[in-house]
Amino acid sequence: MRTPAFHRRRAERLVATIAGLGPSFVKMAQVFAGRADLLPEPYLTAVSTLADRVPEVPADVIERQIVAAYGRTVHDLFEAWDRTPVAAASLGQVHRARYQGRDVAVKVLRPNVERLVAADVIAAHRILGWAARLFPNPHIRGVAGNCG
């Protein structure tokens, strides 16, 4: 029997799968999170968590991204650095830091995000084209027509 608990667990698995597919798929899911006409509860609520609760990138990986971008460690750049992110989203995550005596938020892109997005766009375009042919919903066709 498909109980509310069954659908809640299934929605959680869907979100975990989307998060694992990469940043572009998370972005696409964020679009669908605002579409109550396409996704029923509890899927709508679960997918909406991808706005700022994507699994975080480990702090040591984020810190290596900063070294790669600026040639200096977080300890050289900031007076204080919080290794725990405030939020983790599709393209990056935000950490608290202290810079020149002020509390700041530092948004750091996920590793290889540019390459992943480029590959994801190609895959998403193919998937949306297939979905638009399979499900002749005008909303799906509209999203597929705007992709790529």
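The values are calculated or read from the model by the stated rules, or taken from the named source; none is laboratory data. These numbers come from a predicted model, not from an experiment. Note: ideal-geometry Cβ built from the backbone for every residue, glycine included; neighbour counts use all protein chains shown. Just so you know, the surface numbers come from the protein's heavy atoms only, side chains and all, with ligands and any DNA or RNA stripped out. Shrake-Rupley method; radii C 1.70, N 1.55, O 1.52, S 1.80 Å.
Read through the list (1) among the acidic types (Asp, Glu); (2) within 18 Å of the chain's Cα centre (by Cα); (3) under 30 Å from Pro4 (Cα atoms), then give the number of the only condition that Glu41 fails.
In the conditions (1) among the acidic types (Asp, Glu); (2) within 18 Å of the chain's Cα centre (by Cα); (3) under 30 Å from Pro4 (Cα atoms), Glu41 misses (2) alone.
What pairs come up if the first residue lies in region 59-75 and is over 18 Å from Ala87 (Cβ atoms), the second is at pLDDT 95 or above and among the polar types (S, T, N, Q), and their beta carbons are under 8 Å apart, counting only those six or more places apart or on different chains?
Val67/Thr73
Any residue in region 70-81 that is surrounded by 17 or more Cβ atoms within 10 Å (Cβ to Cβ) and under 18 Å from the mean Cα position of the chain (by Cα)?
No, region 70-81 has no match at all.
Given the conditions (1) on the phi > 0 side of the Ramachandran plot; (2) in contact with a Lys or Arg (Cβ under 8 Å, 6 or more places away or on another chain), and given that Ala80 satisfies all but one, which numbered condition is not satisfied?
Here Ala80 clears every test but (1).
Please go through region 43-67 and give me each residue that is modelled with pLDDT under 95 and open to solvent by 40 Å² or more (accessible area, probe 1.4 Å), ordered by number.
Thr45, Ser48, Ala51, Asp52, Arg53, Pro55, Glu56 - these are the residues of region 43-67 that are modelled with pLDDT under 95 and open to solvent by 40 Å² or more (accessible area, probe 1.4 Å).
Pairs please, first residue from region 108-126 and over 16 Å from Arg64 (Cβ atoms), second anywhere and of a type in the set (Phe, Trp, Tyr) and assigned to a helix (DSSP H, G or I), Cβ atoms under 9 Å, 6+ apart in sequence or on different chains.
Asp120/Phe25; Ala123/Phe25; Ala124/Phe25
Of all residues being surrounded by 12 or more Cβ atoms within 10 Å (Cβ to Cβ) and within 16 Å of Ala29 (Cβ to Cβ) in region 126-148, which is modelled with the lowest pLDDT? Just the residue, please.
Applying the filter and picking the extreme gives Cys147.
Please go through region 1-23 and give me each residue that is in a helix (DSSP H, G or I), under 17 Å from Ala89 (Cα atoms) and open to solvent by less than 50 Å² (accessible area, probe 1.4 Å), ordered by number.
Correct list: Val15, Ile18, Ala19, Pro23.
Can you pull out the residues in region 76-108 that are out of contact with any Phe, Trp or Tyr (no Cβ under 9 Å at 6 or more places or on another chain), under 17 Å from Arg53 (Cα atoms) and not in a loop (DSSP other than H, G, I, E, B)?
Across region 76-108, the qualifying residues are Ala87, Ala88, Gly92, Gln93, Val94, Ala105, Lys107, Val108.
Search region 1-21 for residues that are without any contact (Cβ under 8 Å) to a residue 40 or more places away in the chain and pair each with any residue that is aromatic (Phe, Trp, Tyr) when their beta-carbon atoms are under 6 Å apart and the residues are at least 6 apart or on different chains.
Ala11/Tyr43; Ile18/Phe25
Quick check on my filter: what residues within region 109-125 are assigned to a loop (DSSP other than H, G, I, E, B) and open to solvent by 80 Å² or more (accessible area, probe 1.4 Å)?
Within region 109-125, just Asn112 meets the criteria.
Tell me the residue from Val31, Val67, Val47, Val26 that is over 19 Å from the mean Cα position of the chain (by Cα), under 26 Å from Ala119 (Cα atoms), assigned to a helix (DSSP H, G or I) and among the hydrophobic types (A, V, I, L, M, F, W, C), please.
Val67
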